[in-house]
Protein chains: 2
Amino acid sequence: MSSTAPEQGGGQGYVRHIKVERPVLGNNLADAQRLEMALQKNVGADSVHIPFHLLKGLPGKLRHWDYSARAVMFKDRRSWRLVDLLPPDPDGSQAGQVLGAAVDIGTTRIVIRLVDLDTGVALGETGLDNPQAAIGPDVLARIHHSNRPGGLAELQKLVVDGVNTHLAALCETCGCTTDDVFILTGAGNTAMTHLFLGIDAFEIIKEPYIPCINIPDTLQAADIGLKIRDGGLAFLFPNIGSYFGGDLLAGIIFSDLDKKEMPCLVVDVGTNAEIVVGSKDWLIACAGAAGPALEGGVSKMGMTAGPGVIDTVAIDPATREVRVHTIEEASPIGICGSGMIDLAAALFLSGMVDIRGKFVPETCGERLIEQDEIPAFVLVHAPASGTGEPICLTQVDLNSLTSSKAAMYTILEVIVKNTAGLEFEDLDKFYVAGTFGSFINPESAISIGMLPDMDRSVFEVLGNSSLGGAALMLTDTTAFDRVMAIRETITYIELNVNQEFMNMFSGAKFYPHTDRSRFPSVPGR
Amino acid sequence: MSSTAPEQGGGQGYVRHIKVERPVLGNNLADAQRLEMALQKNVGADSVHIPFHLLKGLPGKLRHWDYSARAVMFKDRRSWRLVDLLPPDPDGSQAGQVLGAAVDIGTTRIVIRLVDLDTGVALGETGLDNPQAAIGPDVLARIHHSNRPGGLAELQKLVVDGVNTHLAALCETCGCTTDDVFILTGAGNTAMTHLFLGIDAFEIIKEPYIPCINIPDTLQAADIGLKIRDGGLAFLFPNIGSYFGGDLLAGIIFSDLDKKEMPCLVVDVGTNAEIVVGSKDWLIACAGAAGPALEGGVSKMGMTAGPGVIDTVAIDPATREVRVHTIEEASPIGICGSGMIDLAAALFLSGMVDIRGKFVPETCGERLIEQDEIPAFVLVHAPASGTGEPICLTQVDLNSLTSSKAAMYTILEVIVKNTAGLEFEDLDKFYVAGTFGSFINPESAISIGMLPDMDRSVFEVLGNSSLGGAALMLTDTTAFDRVMAIRETITYIELNVNQEFMNMFSGAKFYPHTDRSRFPSVPGR
């Protein structure tokens, strides 16, 4: 499983060096029109929008700069537009830096990356818990709050203030200021995008589930309270519907799925398991709440990564000796999702969990205790624990993991086999996106039947693909057109939780599956 | 000479009644996209821009209004755009009114007209002296001031504050408020337009005479300090160059010159004499400062119309009895331009001025006196005058009028004969625009050789064509495209004041002309 960073799209970025035709008697075209002509020629477009505020002082600037300039541009649905006009020769000081900020607007976590628009280089990254969590932990609670008087504005202010504060701090760390940030791009799910923009989100959760907007126009960042350069722009990824957000579209362009010759698959393990399969010729997506059987989802398992959190677990099948690894090798305080998958795989492979996903008292031995009358596996005994309490995995936790892994496998099977009509073997690449996904050990995930039993080299970690797509939008001038083309061509499958699905789901709840032939590489007991 | 008001362009205006498709399961298009589709269908365009601020509350409005609405629209260079969305059924109260304001931004005088965007009906009009006169009486002085620190902002504030105050008063008179004004359109010369927008005008007066902008984008009215409805738009007519302003383009669409089957001519007698001749097939314009011979121009003659100002003069050729008419029939206090043309014609026809434009002592008799050693004709004796002083026309005044009328005739001849290759007789209509032009008696103007000796029915008064064009832009959705088409096709002639011109000018300084055969209808002495 190797890490990948899809390369930047072709052509120049958004910082252009331009030369404007000099005015002479006999060619009395206005300065703005000559500037527009130079920009049009540079970007190869029929029209470039020059914002009104850049007209002020334009004649003086053009003459002072001898009709050369650096133009900071952006391209969206409407047209190419000029963001700002700068002196032609950056003097090498920080003042010449032209930066953009990419933001992954997660329901739980927000991540901000600072990118040099001239070179495409990422300067730094920072993250924060979504401050809207103070209102409610999940989308539903926040949308209900947004419908109360003042609620929407409150939610918007929380997230925008959070981004402003952390972006300013990130800029300081990188030796620049928010005045150097000309464009901010954001990708989030449909609800988070609405709340970020401060527009009505309530209909998103009411049948027939209609967002207020699918394709937000590029805005003046100041219009939504973002503190970047005066006149700077804010671009939010479009969505396809209430359950198909801009984060997923961002992930698709980041994975280059829309450019692939052979079918590939992206699974983003976030609040929901979102899956897109396809190639340059077709794309099929499946996302969103998938009925009661799937409630909770894999991302609810375990705790957020941090010092002392167990991220890897190994059990010697012969001796049943348990070894754990914690982040920063601190005393263990809990277990994260990827650690839990490792643990479940190790327990299964060492015979301590049976094919139904139940603890086996005989093999678990003294590590199996009862907590509130529920069987629990002691992963770390109290004396070795950083909390003073034993760190346990209860049968309830394990059942939840079992449901989640079964749901994941079933959805993958439905979309790849039943919908796309492929076999897993037909997939050229299997990208695992999302922060959680980045830490999954595919060997373990395959062992418990969460991911299909494919050649391990097919799996690739994408990392935060939503952030990656947002960053791509800052540097790849073709990115927006790709997003719009994907919107037009993608087939979105509402997961139909019918009897057939439930039958498939039932088989997938076994370890690794009722049909062992699907997992030939998983050792039998 | 009959008054004409060109009829409104074809099709609907900018207030549209729309129905938005209802959302259902299976069609999860966002509200904004369904609104855009309804608007696109209504106006027959591929794209309609919905401003961000109208997204706030959109889902609630659409549902509350049962998916019907009145849409206030506007169309410019970029696209159709939604200005505001209103409840579907105006309740008949003033609250339902959708108004626009058309503004003629004259160097000397500003005129504002309030128009009902729904019906196209003009509700009222008001005027004010351009408050920038406090800085300088003419364009040159103001542009020089605009180049001083804070000067540009000061000039802009003066004019915008003036418009705000008078528009608010006009609204009150008409029983509405500025909140009912959704769009403001303005037409002015290139310099006045720049100063109104608050953008650099200095290069306009410096070789090679380059404006900052030719085609201003439609703006949020608030961005330039205009106080109309929140989110209301401001549209300023484009120009073709420093000496070919939006006022002239507004005049062309108002005159419908670009739709004429047969060649017609528009002359706007403002600060400069601006002339456009042409038809739907071609247009030729000539405008701007025409060299030292023409300095001053016809508009500088006499005083501004007002009570007591002499606007008509008649002299009995037999008895040489002088009769004057004053505005509001008050005691005479002075003479306006049209009165002066009447006076010059009457003096010439009664033999009191010779063909060289000099007073004839024998025929003038006791009315010819000397003022500071300059011959002067006493039009009104002191006892009858409202000022207590005699009202006189000096030989200097008359020389100035002679130069002006010769310049006007020569420019007309150059553009019609030398440039367009027509005879005056080929013109189907001869439109006289401008406030000053409205009062000219063509009989008198022909008698002194200012206007060509054509069938009197060919002459038509257009009135304030700049204001008329600005108002047309509020109600005729094809107006902007017409303006852009005119910009593309019109030929602009720089008046070349060469030896040939000066020869023609010399002949035109006689009364009515050295070549009497050009003025067959003017009685010989």
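Taking the stated definitions as given, is B:Gly241 under 16 Å from A:Asp31 (Cα atoms) and out of contact with any helix residue (DSSP H, G or I) (no Cβ under 6 Å at 6 or more places or on another chain)? Yes; evaluated as a whole, the condition is true for this residue.
Among the residues making up the stretch A:21-45, a single one is assigned to a loop (DSSP other than H, G, I, E, B), among the hydrophobic types (A, V, I, L, M, F, W, C) and more than 10 Å from chain B (Cβ to nearest Cβ): A:Ala45. Against the numbered list (1) at pLDDT below 95; (2) part of a loop (DSSP other than H, G, I, E, B), B:Ala445 comes up short only at (2).
Among the residues of the stretch A:228-266, those identified as at pLDDT below 95, assigned to a strand (DSSP E or B) and buried (at least 24 other Cβ atoms within 10 Å of the Cβ) are A:Phe244, A:Val266.
Just give me the residues in the stretch A:482-499 being in contact (Cβ under 8 Å) with a residue 40 or more places away in the chain and more than 17 Å from A:Val276 (Cα to Cα), in sequence order.
A:Val497
Among the residues of the stretch A:151-170, not a single one is in contact with an Asp or Glu (Cβ under 7 Å, 6 or more places away or on another chain), more than 14 Å from chain B (Cβ to nearest Cβ), under 13 Å from A:Ala234 (Cβ atoms) and buried (at least 24 other Cβ atoms within 10 Å of the Cβ).
Within the stretch A:481-525, the set of residues being basic (Lys, Arg) and closer than 17 Å to A:Val414 by Cα comprises A:Lys509, A:Arg518. Could you grab me the full set of residues in the stretch B:208-230 that are at positive phi and within 12 Å of chain A (Cβ to nearest Cβ)? Within the stretch B:208-230, just B:Tyr209 meets the criteria. When restricted to residues that are small (Gly, Ala, Ser), closer than 23 Å to B:Lys417 by Cα and either surrounded by fewer than 23 Cβ atoms within 10 Å (Cβ to Cβ) or free of Cβ contacts under 8 Å to residues at least 12 places away in the same chain (or both), the stretch B:431-470 contains 1. When B:Met473, B:Met504, B:Met484 are checked against the criterion of being over 22 Å from B:Val115 (Cβ atoms) and either in contact with a Cys (Cβ under 6 Å, 6 or more places away or on another chain) or part of a helix (DSSP H, G or I) (or both), a single residue qualifies: B:Met504.
Report those strands (runs of 3 or more DSSP E) wholly inside the stretch B:46-153 carrying at least 2 residues which are of a type in the set (A, V, I, L, M, F, W, C), under 21 Å from B:Leu248 (Cα atoms) and at pLDDT 95 or above.
Working: elements: B:68-75, B:80-86, B:99-105, B:109-116, B:122-129.
Filter on the stretch B:46-153 gives B:99-105, B:109-116.
Taking the criterion of being more than 28 Å from B:Ile284 (Cβ to Cβ), free of Cβ contacts under 8 Å to residues at least 40 places away in the same chain and not in a strand (DSSP E or B), the residues of the stretch B:385-430 that qualify are B:Gly388, B:Glu389, B:Pro390, B:Gln395, B:Val396.
Scanning the stretch A:178-203 for residues that are in contact with a strand residue (DSSP E or B) (Cβ under 9 Å, 6 or more places away or on another chain) and either in a loop (DSSP other than H, G, I, E, B) or among the β-branched types (Val, Ile, Thr) (or both) returns A:Thr178, A:Val181, A:Ile183, A:Thr185, A:Asn189, A:Thr190, A:Thr193. Being more than 20 Å from B:Val522 (Cβ to Cβ), assigned to a strand (DSSP E or B) and more than 28 Å from the chain's Cα centre (by Cα), is that true of even one residue in the stretch B:349-364? Within the stretch B:349-364, not a single residue is more than 20 Å from B:Val522 (Cβ to Cβ), assigned to a strand (DSSP E or B) and more than 28 Å from the chain's Cα centre (by Cα). Selection of first residues in the stretch B:209-234 that are within 16 Å of B:Asp84 (Cβ to Cβ) and of second residues that are at pLDDT below 95, restricted to Cβ pairs under 7 Å at least 6 apart or on distinct chains, gives the following pairs, ordered by first then second residue: B:Thr218/B:Asp76. Kindly indicate whether B:Asp311 is at pLDDT below 90, in contact with a helix residue (DSSP H, G or I) (Cβ under 6 Å, 6 or more places away or on another chain), closer than 30 Å to B:Glu328 by Cβ and outside the structural domain of B:Ser506 (by TED's automatic domain parsing). No. For the stretch B:46-86, taking the residues that are away from chain A (no Cβ under 13 Å) and loosely packed, with under 15 Cβ neighbours inside 10 Å, the one that is nearest to A:Gln220 (Cα to Cα) is identified as B:Ser68.
A quick yes/no check of all residues on (1) surrounded by 23 or more Cβ atoms within 10 Å (Cβ to Cβ); (2) farther than 16 Å from A:Asn399 by Cβ:
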site	(1), (2)
A:Val324	no, yes
A:Ile327	no, yes
A:Ser331	no, yes
A:Asp342	yes, yes
A:Ala346	yes, yes
A:Val353	yes, no
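The values are calculated or read from the model by the stated rules, or taken from the named source; none is laboratory data. What you see is a predicted model, and the numbers here were worked out from it, not measured in a lab. Cβ atoms come from the backbone with ideal geometry, glycine included; neighbour counts cover every protein chain shown.
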